[in-house]
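Have a look at the structure below, then the notes.
The values are calculated or read from the model by the stated rules, or taken from the named source; none is laboratory data. Note that this is a predicted model, so its numbers are computed, not measured. Cβ sites come from the backbone with ideal geometry, for glycine too, and all protein chains shown count toward neighbours.
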Amino acid sequence: MAPPPALVPVLAPDGAFYLRPARPDEPALADDALARRLARHFAHGVDHGHLLLGAAEPGAVLPPAYAWLRDVARAFVTRLCALPDLDADRASLDVPLAPDTAALLLSRVPPMPGAEHASADWISLRWAALNAAARAALVAHEGPALAWLRAHNPLWNTVGRVCFHLAERKGDEAHPFAFLATYTAGVSAAAAVQHLPLGRALQEYAGARDRSRLIALLAPIERAAEHSPLVRSLVDSHEIFHPLAWTPSQAHAFLRQVQSCEDAGVLVRVPNWWNPQRPPRPRVQVSVGSKG
């Protein structure tokens, strides 16, 4: 099968862009398989293709023009994942554009055809086009909205969620474990989920406009606290927002409550020696630290 013709994106006024045949001196796509995927993404229109550029290709190696457009769409999909109730009314879906997001994207415009059209207004209009494309795609999708995102890349299942981490600490016999709560802020250009300390969410979502987003982010923790005395104590003391050094007994208490945290919608990362089906006996617990 012959590869599709090489195309490059060109920014146009009014928040639009189009694809035109590439010149010999312009950066090409990395391989034919990627070119075919992009051709399928854009087969249903530029706006639909732009949405899928962010949703389905977070880790693809792209020329600068495509990579920047992917950054715009990836920022949109990240905010989409953070909406409190994505399935409530797909036909009126409206993902807000934060001013700092627009400014950051605008500061990263690479040399590309039509770059002179890039502006704050262009970003705003492009964001509106992505909203329209997402509404159309999700209305046409019969299952849960997040299932549509997962179908394009499973990484989106973790974005906008809280994660509890338990790790071993070397050199501290009294407190040989570390606990940290994070939230997944997005997906990087290397297709890696980006974790930030949960305390950062209080700063990032401090504005009244993002209060609903903060409530949605923290809701799984509240559900976990209903069934986990340890999580309840962390929430009530606000220690949930800080890194903690734990004794073996504290770590063991947390490990025994991992399932209730996961059932509440919290992601959990623990040492790979932990098996919930075969929890360690007391003698094993004593062996990981100087105190039981």
**OP:** Among residues belonging to the range 81-99 that are at pLDDT 90 or above and under 17 Å from residue 186 (Cβ atoms), point out the one that is surrounded by the fewest Cβ atoms within 10 Å (Cβ to Cβ).
**Re:** 96
**OP:** Restricting attention to the range 86-108, report how many residues are free of Cβ contacts under 8 Å to residues at least 12 places away in the same chain and within 18 Å of residue 149 (Cα to Cα).
**Re:** 2
**OP:** Need at least 2 residues that are farther than 18 Å from residue 81 by Cα and out of contact with any strand residue (DSSP E or B) (no Cβ under 6 Å at 6 or more places or on another chain) per element, so show me which strands (runs of 3 or more DSSP E) inside the range 160-225 make the cut, counting only ones lying wholly within it.
**Re:** none
**OP:** Would you be able to say whether some residue in the range 12-19 is under 27 Å from residue 212 (Cα atoms), within 25 Å of the chain's Cα centre (by Cα) and of a type outside the set (Val, Ile, Thr)?
**Re:** no
**OP:** Consider residue 56 carefully, then state whether it is at pLDDT 90 or above and either crowded, with 17+ Cβ neighbours inside 10 Å or touching a strand residue (DSSP E or B) at 6+ places or on another chain (Cβ under 6 Å) (or both).
**Re:** yes
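Could you list, in sequence order, the residues of the range 37-85 that are of a type in the set (Lys, Arg) and over 20 Å from residue 146 (Cα atoms)?
37, 40
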Original post:
What number of residues in the range 1-27 are surrounded by 12 or more Cβ atoms within 10 Å (Cβ to Cβ), out of contact with any Leu (no Cβ under 8 Å at 6 or more places or on another chain) and over 25 Å from residue 137 (Cβ atoms)?
Top reply: 4
**OP:** Filter the range 113-159 down to the residues that are of a type in the set (S, T, N, Q) and part of a helix (DSSP H, G or I), then identify the one that is nearest to residue 179 (Cα to Cα).
**Re:** 157
**OP:** State all residues of the range 59-80 that are buried (at least 21 other Cβ atoms within 10 Å of the Cβ), touching a residue at least 60 places away in the same chain (Cβ under 8 Å) and of a type in the set (Gly, Ala, Ser); if no residue qualifies, say none.
**Re:** 75
